[in-house]
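The values are calculated or read from the model by the stated rules, or taken from the named source; none is laboratory data. Since this is a predicted model, take the numbers as computed values, not measurements. No Cβ is skipped: glycine too gets one built from the backbone with ideal geometry, and neighbour counts run over all protein chains shown.
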C-alpha cells in the first residue's frame, strides 16, 4: 500500500495508560505478515462510553457493543480486521457470541462485559474458530504499544493513526491517548471507521458519555471522504480512573473544561488523520461555513460541499472552479437567497453577495489549489450558525482501491 502523501512524518509518542492493557496477534485470516487482532483489557471499575453507526444495516458487533456501552462498564474490547461481520444474519450473532464466550474464559469475566468491533469486507461470514486460538496470546502478552494496536486494526489505511493530550482535572494531571482506523466508506453518522480513546481519568459513565458525544460531533461526525456511512462505525471512550482525581459527577462542572478540550483535540486530530488517509487522497480540504440560522444548517451546507464529487474532482484537478461550490450550496435545499452567499478560497475573495467580485483575479487562487491544504470559506447569511468540516479530493486512486478491494 502506497503511503498517503498527506501522512504525518511519524506516529506520535503515546504513553501507556494505567489500567488499560493492549494485546495484538496475527490470525492470518485475511492479512498475512501482520497483526489483525487487538484486545484492550480494562481495569475493574473502569467507565466506558460509545457512539455507533446509525446505519440500518449495522453489523452484529455494533448491535452487541451498543447494549454494553449503555451499561457504562466493560472488561474488554476485542477487535478483528479483515472481516466486518456485517450483513451476516444469525451467523454473525453466533460469531460474536463465540468470540466473547471464549475470551471471557481467558479473562475470567462475564461474556456480557466484552465489547466487540470488526472491520473489513461486508457480507462474508466470520469464522470465529479461526480467531479463538489467538486469544490466549492476546491476554498473556498484553504489553503492546498504542502503535502496535493502531497497526492491528488497519484495512485499506496507509498509515496508523494516533493522538495524545495531557490535561488537568481538579488539579490532577491525566493522560488521553487515542487511535483510529479509516480510509474509505467515511461519512460517520453516529452518534469502515473505528476509534479507541483511553484515559486514566476518573469520570463516571454518564458524564463520560456526555463528553464523548460532544467531542464526536465536531470530530468524527464532521469528516467525510466519500459520503458513505459504514455498517461498523464505532468509537469507544474508556476511563480507568487510575489518575486518582476527584470524581466529577456533573457533566457541566467547570472542573471538566480542560478534559473536554483535550478530548476534543485528540478526537479531532484522529478524525483529520482519517481524511488525510482518504483512499487516493492528495489534498486535505477544510470547509468553514458561517452566517447560517443554526449550526445544524451550517453543517448541512458544509457536508453538501464536502460530499460533492464535482467539487472534489475539481480540487483533485487543481481547478479553481468555484461554480461547483455554488452548485453544492444550492442543491442542499435550505432555501438560501443567492445574494446572501459569499465565497473565499485560500483566503482570497471570489464572490460576494451572490456575484463574482468585480476585480476577480484567479491567479492567487489557482496557486492555492496546487497545494496539499485547501481552504474553502462560505458565508450564507447573517445568522450565528457556523460549522467546520473536513474532506479530501477525489482521484483515480479512489476508484482503483475500491475496484480491487476484495481481490
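Go through segment 63-95 residue by residue and tally those that are assigned to a helix (DSSP H, G or I), over 19 Å from residue 152 (Cβ atoms) and touching a strand residue (DSSP E or B) at 6+ places or on another chain (Cβ under 7 Å).
In the first step, residues of segment 63-95 are kept if they are assigned to a helix (DSSP H, G or I); the result is 63-71, 89-95.
In the following step, the residues that additionally are over 19 Å from residue 152 (Cβ atoms) were identified as 63-64, 66-71, 89-94.
Filter again for touching a strand residue (DSSP E or B) at 6+ places or on another chain (Cβ under 7 Å), leaving 64, 66, 68-69.
Count: 4.
Can you tell me which residues in segment 172-217 are modelled with pLDDT under 95 and either in a loop (DSSP other than H, G, I, E, B) or over 22 Å from residue 72 (Cβ atoms) (or both)?
182, 183, 184, 185, 186, 187, 188, 189, 191, 192, 193, listed by residue number.
Take residue 51 and decide whether it is modelled with pLDDT of 95 or more, surrounded by 24 or more Cβ atoms within 10 Å (Cβ to Cβ), closer than 20 Å to residue 152 by Cα and in contact with a strand residue (DSSP E or B) (Cβ under 7 Å, 6 or more places away or on another chain).
no
Taking interchain pairs and intrachain pairs at least six residues apart, which have beta carbon atoms under 8 angstrom, with the first residue in segment 31-45 and on the phi > 0 side of the Ramachandran plot and the second surrounded by fewer than 20 Cβ atoms within 10 Å (Cβ to Cβ)?
33/26; 45/73
Being more than 19 Å from the chain's Cα centre (by Cα) and in a strand (DSSP E or B), is that true of even one residue in segment 1-15?
Checked segment 1-15: no residue is more than 19 Å from the chain's Cα centre (by Cα) and in a strand (DSSP E or B).
State whether one or more residues within segment 135-152 are in a strand (DSSP E or B) and surrounded by fewer than 16 Cβ atoms within 10 Å (Cβ to Cβ).
Yes, segment 135-152 has at least one match.
Of the residues 271, 265, 298, only one is outside the structural domain of residue 375 (by TED's automatic domain parsing), in contact with a strand residue (DSSP E or B) (Cβ under 6 Å, 6 or more places away or on another chain), crowded, with 22+ Cβ neighbours inside 10 Å and not in a loop (DSSP other than H, G, I, E, B); which? Reasoning before the result, please.
Values: 265 fails: crowded, with 22+ Cβ neighbours inside 10 Å; 298 fails: outside the structural domain of residue 375 (by TED's automatic domain parsing).
Residue meeting the stated conditions: 271.
Checking the condition more than 27 Å from residue 219 (Cα to Cα), at pLDDT 95 or above and touching a helix residue (DSSP H, G or I) at 6+ places or on another chain (Cβ under 9 Å), which residue from 326, 350 passes? Walk me through it before giving the result.
Values: 326 fails: more than 27 Å from residue 219 (Cα to Cα).
On inspection, the qualifying residue turns out to be 350.
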